Amino acid sequence: MTEQIQSMWYGFLLNIKSNCNPIVDILDILFVTFIIYEAITLVRQTRTAQLAKGIIAVLLAYVVANLVGMRTLTWLINSIMSFGILALVVVFQPELRRALEQVGRTSFFGMQIFKGKSDLSDLRAKWQSAIVAVCDAAEQMAETRTGALMVLERRTNLSEIIKTGTVLNADITPEMLGTIFYEGTPLHDGAVVVRDGRIEAAGCFLPLSNNLEIGKDMGTRHRAALGMSENSDAVVVVVSEETGIISLAKNGILIRRLDRQNLFNLLESDMVPPEVEEKKHSFWRKKNEKQHE
């Protein structure tokens, strides 16, 4: 019996040794660790933490029931688990969608290098001009208590949102934004979507946030701004019709009581593409200065 156990153990070790590839194994462990970490982070950042605890409790009950021999309870939990994956997909649908969108938005190996230098500089100029127009318009509408909702598209494609409004494809100016959101015009109740520094559409409908922690002093525009920022990486600028307060929503967080300069700084850091070449030159310049010192 002892010899059989030893032979089985040696066979197991030889099998591991023959199939062992350190590089592949390390990559395998790193990928699994990353997936588990992202899953835990996703659960902790959303309101599904209690639901996840309930699922863990059911799994522990199944293990205990199986060990003790509670056949009825084991059969019941096993029956529930047979369609549990489908139920999880339905329950966690918003969170799974957001996680997949984050994976899709990841820039692997600096994919911006495939864009032409002239295209990148042109896009930077368009966004810088658009940000100035948005800030000027937000300041003017805050003074006149004109409600506004402006969505600035980033990496998440907002074509489905654009389809709900009226396509304009117009240059962005404070006068254009003021006309769109002027009370009484057909498009003033919806949102403006800005793509690549231009007004793509107006009068668009946005998904409302289900966040129960939103203050009662914030209305539908603020819920729509938060909902848009929860379902995409877009940056949303809101001007309150009641108070004239300027707010900015991104990543499911609402930043309130912004003045023109603070709004400009936030939009510039989020929307204007970085100058890769200038960063490289500044790095080598600093390195050369240190060497000369």
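Answer rounded, prolate or oblate for segment 203-271, using the Cα gyration tensor with square roots of eigenvalues a ≥ b ≥ c: rounded when a/c is under 1.5, else prolate when a/b is larger than b/c, else oblate.
Values: a/c = 1.72, a/b = 1.19, b/c = 1.44.
It is oblate, given that a/c is not under 1.5 and a/b is not larger than b/c.
Taking H as built 1.01 Å from N, whose amide H comes closer than 5 Å to the amide H of V235, not counting residues under 5 places away?
Correct list: L152, R154.
In Å, what Kirkwood hydrodynamic radius results for segment 163-217 from the alpha-carbon pair distances?
Numbers: mean 1/r = 0.0810 Å⁻¹.
Computed over segment 163-217, the radius equals 12.3 Å.
Give the carbon-plus-sulfur fraction of the accessible surface of segment 171-247 in %, rounded to a whole number; probe 1.4 Å, heavy atoms of protein chains only.
Percent of accessible area from carbon and sulfur atoms in segment 171-247: 52.
When DSSP beta bridges are limited to those with both residues in segment 122-275, what percentage is antiparallel, rounded to the nearest 5?
Roughly 85 percent of the beta bridges in segment 122-275 run antiparallel, per DSSP.
Quick one: what are the phi-derived ³J(HN,Hα) couplings along segment 162-179, Karplus 6.51/-1.76/1.60 with θ = phi - 60°, whole Hz, x for glycine and proline?
Along segment 162-179, the couplings run 4, 5, 7, x, 10, 6, 10, 6, 10, 5, 9, 9, x, 5, 5, 5, x, 5 Hz.
For q values of 0.17, 0.20, 0.21 Å⁻¹, compute log₁₀ I(q)/I(0) with the Debye formula on a Cα-only model of segment 131-241, without solvent.
-0.74, -1.04, -1.15
The values are calculated or read from the model by the stated rules, or taken from the named source; none is laboratory data. Predicted model only: the values in this text are computed from it and were never measured. SASA here: full protein model, heavy atoms, side chains in, ligands and nucleic acids out. Shrake-Rupley method; radii C 1.70, N 1.55, O 1.52, S 1.80 Å.
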